[in-house]
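Only one structure is covered here, and it is reproduced in the block below.
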Amino acid sequence: MPDGQQTVSVAGRQEHGPVARVAIAKVLILLGLFVWAFWPEFRSVARTAIGNSDWAHGLVVPVAILILALRRRSALAAVLTRGSVWGVSCCSCSDSVSTPFSSGLAATATRAKR
């Protein structure tokens with residue numbers, strides 16, 4: 001076992017102490033920033049999904065992603081404890097990317113149904 005890393009078994013489950021806490025904190029911070037940044041889009045998708053049966057799958061996708069993330073949480077925790085240059089490059093390029101909701105296509109689809 002590497003120096004400085006402690007593994008403790010609690011109720012038959014391996015707990016990795018500070019490493020697990022850091023990973024959980026990182027996930028919560030990133031999730032909070034993601035929700036804050038995309039809140040208007042989330043509201044737009046929810047309104048469109050509720051009002052248009054062609055977009056109803058938009059309500060199921062977040063649940064499916066949550067299930068997949070929970071099933072692979074140990075692999076996610078291992079990845080989240082390391083840094084990556086890709087995060088910086090993706091953030092710096094994010095201003096040049098547009099989504100269908102930022103260009104008004106969702107509003108157009110909602111108006112077309114009426």
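The values are calculated or read from the model by the stated rules, or taken from the named source; none is laboratory data. Model, not experiment: these values are computed from the prediction. Note: ideal-geometry Cβ built from the backbone for every residue, glycine included; neighbour counts use all protein chains shown.
Tell me which residues, restricted to the stretch 38-72, are loosely packed, with under 12 Cβ neighbours inside 10 Å and among the aromatic types (Phe, Trp, Tyr). Within the stretch 38-72, just Trp39 meets the criteria.
If you go through the stretch 28-52 and keep only what is in contact with a Lys or Arg (Cβ under 9 Å, 6 or more places away or on another chain) and in a helix (DSSP H, G or I), you end up with just Gly51.
Filter the stretch 22-66 down to the residues that are polar (S, T, N, Q) and in contact with a Phe, Trp or Tyr (Cβ under 7 Å, 6 or more places away or on another chain) and list them by number. Scanning the stretch 22-66 gives Ser44, Thr48. For the stretch 85-96, filtered to residues that are over 16 Å from the mean Cα position of the chain (by Cα) and surrounded by 10 or more Cβ atoms within 10 Å (Cβ to Cβ), the residue that is modelled with the lowest pLDDT is Val88.
Across the stretch 31-72, the qualifying residues are those that are within 26 Å of Gly87 (Cα to Cα) and β-branched (Val, Ile, Thr), and the one among them that is modelled with the highest pLDDT is Ile67.
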